[in-house]
Amino acid sequence: MPVDPKRSRSILSSLRRTLGVGALAVLMASPLHAATADAGPATVPAGIATASDPGVAPAVAADPRLEADMMELSHKLRCLVCQNQSIAESNAPLAVDLRNQVREQLAAGKDKDDVIDYLVERYGDFVLYEPPFNAATGLLWVGPFALLLAGAGWLAWRLRRRRREIAADGALSAADRERARALLAGGGDAASNPASPESRK
Amino acid sequence: MKAKFLVPLLLFFGLAGFLAFGLTLNPREVPSPLIDKPAPNFRLARLDQPEQTFTLEDMRGQVWLLNVWASWCVACRQEHPLLVRMAEQKLVPVVGLAYKEVRGDGAISTRGMSLEAETAMAVERGRRWLADHGNPYVVSVMDIDGRVGIDFGVYGVPETFLIDREGRIRYKHIGPITPESLQTQIMPKVEELRRAG
């Protein structure tokens, strides 16, 4: 099935945010953890950095538009040294170098995807704060939903089976029917069962 | 059907197994996407003769190691005696990449320093360090601004790349080389590449 990876990524990520299954994803894919993802509480901050944003490196480029683009990209890139920070938040020397690289390449007219590709070529998918959807991360992205569906399917199957069982147990034999009819008609069968509430009348 | 009560227990063991495996992984070791790809080319000034440059081409036809080091790097001191011993035994040629020799040192501010001044300082510091600790490198080159380091995906010092005769990166060792990693990881791969070519 041809799926546009960018599209599936954005759909998946919005689903992930709404359902908050990140923690489950981490549990499921713990062997993949080192290579692929950190779906813990530190998700990608929405929006770009502003001057009031604490813990964010100060602006350097003279062009505010370029600086904003650089910061937007930097928030999507993981610092390899302090791995739970983006390169926008980290002051590790490598993060500073990488920010400079991003700024320089944007200034040279490269588009954002090119800059991301440039870094992924060198540092791998690990440099992306939001892991891409591919063979290695497929289980991580799809797993929680597959589990949810499997759980719902199992529940539906159980409920259906139970209903069938009740229906089978509750079926009346011809003799039972006859007795019930007699009781409803107020027949003498009630006398044989003095403890039944109907017999008080 | 009797064993149904065992299902949660088995699920628990399965999960515990995954988590236990997760504990054996080192999240600090990020696998390099450059393995089996051509090493990024570079042209850098040599530490011993700064007016001359060195490129990957100079090592073509040899199986060699590119060792990223810096005089300010503490872990490099730990692996350095081993590199010196390797050079004495002529195990495999090692090229040194002096990574951000001046600006990487947190104790020095390079603000307002010209590139020439920084290079001169890097030459002086690098040579002194090699004189003090021994020089195991066939040649050392200076990556003053860390740009070549980024091309190689370096995110810490020391790191060591194994490069084959055709100039492809075949293995990356993160952190100081130990006698054990040399014996069990690096040298077998070197031998294999030598046999292959």
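The values are calculated or read from the model by the stated rules, or taken from the named source; none is laboratory data. Note that this is a predicted model, so its numbers are computed, not measured. Methodologically, a virtual Cβ is constructed for each residue, glycine included, from the backbone with ideal geometry; neighbour enumeration extends over all protein chains shown. Heavy atoms of the whole protein, side chains included, go into the accessibility calculation; ligands, DNA and RNA do not. Shrake-Rupley method; radii C 1.70, N 1.55, O 1.52, S 1.80 Å.
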The lone exception for A:GLU130 - which of (1) buried (at least 16 other Cβ atoms within 10 Å of the Cβ); (2) at pLDDT 90 or above; (3) not hydroxyl-bearing (Ser, Thr, Tyr) it fails
(2)
Please find, within region A:111-124, the residue that is nearest to the other protein chains (Cβ to nearest Cβ) out of those that are over 16 Å from B:TYR155 (Cα atoms) and without any contact (Cβ under 8 Å) to a residue 40 or more places away in the chain.
A:ASP117
Would a scan of region A:160-183 turn up a residue that is open to solvent by 50 Å² or more (accessible area, probe 1.4 Å), modelled with pLDDT of 90 or more, within 30 Å of B:ILE150 (Cβ to Cβ) and basic (Lys, Arg)?
no
Selection within region A:64-90 - of a type outside the set (D, E, K, R) and within 14 Å of chain B (Cβ to nearest Cβ):
A:LEU77, A:CYS79, A:LEU80, A:VAL81, A:CYS82, A:GLN83, A:ASN84, A:GLN85, A:ILE87, A:SER90
Among the residues of region B:158-167, are any in contact (Cβ under 8 Å) with a residue 12 or more places away in the chain and touching a Ser or Thr at 6+ places or on another chain (Cβ under 8 Å)?
no
Go through the residues of region B:138-149 one by one and say whether even a single one is open to solvent by 20 Å² or more (accessible area, probe 1.4 Å) and either under 16 Å from B:GLU29 (Cα atoms) or among the basic types (Lys, Arg) (or both).
yes
Within region B:147-158, is there a residue that is touching a Lys or Arg at 6+ places or on another chain (Cβ under 6 Å) and either more than 14 Å from every other protein chain (Cβ to nearest Cβ) or in a strand (DSSP E or B) (or both)?
no
Mind checking which residues of region A:91-110 are open to solvent by 60 Å² or more (accessible area, probe 1.4 Å) and within 12 Å of chain B (Cβ to nearest Cβ)?
A:ASN91, A:PRO93, A:ASN100, A:GLU104
Looking at (1) outside any helix (DSSP H, G or I); (2) more than 14 Å from every other protein chain (Cβ to nearest Cβ); (3) open to solvent by less than 20 Å² (accessible area, probe 1.4 Å); (4) closer than 19 Å to B:ALA45 by Cβ, which is the only condition B:GLU118 fails?
(1)
Note on region A:60-90: residues open to solvent by 10 Å² or more (accessible area, probe 1.4 Å) and hydrophobic (A, V, I, L, M, F, W, C) are A:VAL60, A:ALA61, A:ALA62, A:LEU66, A:ALA68, A:MET71, A:VAL81, A:CYS82
Exactly one of B:ILE177, B:ILE186 is crowded, with 18+ Cβ neighbours inside 10 Å, in contact with a helix residue (DSSP H, G or I) (Cβ under 6 Å, 6 or more places away or on another chain), aliphatic (A, V, I, L, M) and within 19 Å of B:LEU34 (Cβ to Cβ), and that residue is B:ILE177
Taking region B:77-100 on its own, how many of its residues are more than 28 Å from B:GLU166 (Cβ to Cβ) and of a type in the set (A, V, I, L, M, F, W, C)?
1
Is one or more of the residues making up region B:101-111 out of contact with any helix residue (DSSP H, G or I) (no Cβ under 6 Å at 6 or more places or on another chain), open to solvent by 40 Å² or more (accessible area, probe 1.4 Å), within 30 Å of B:ASP164 (Cα to Cα) and not in a helix (DSSP H, G or I)?
no
If we ask which residues in region B:1-60 are within 14 Å of chain A (Cβ to nearest Cβ) and among the β-branched types (Val, Ile, Thr), their number turns out to be 4
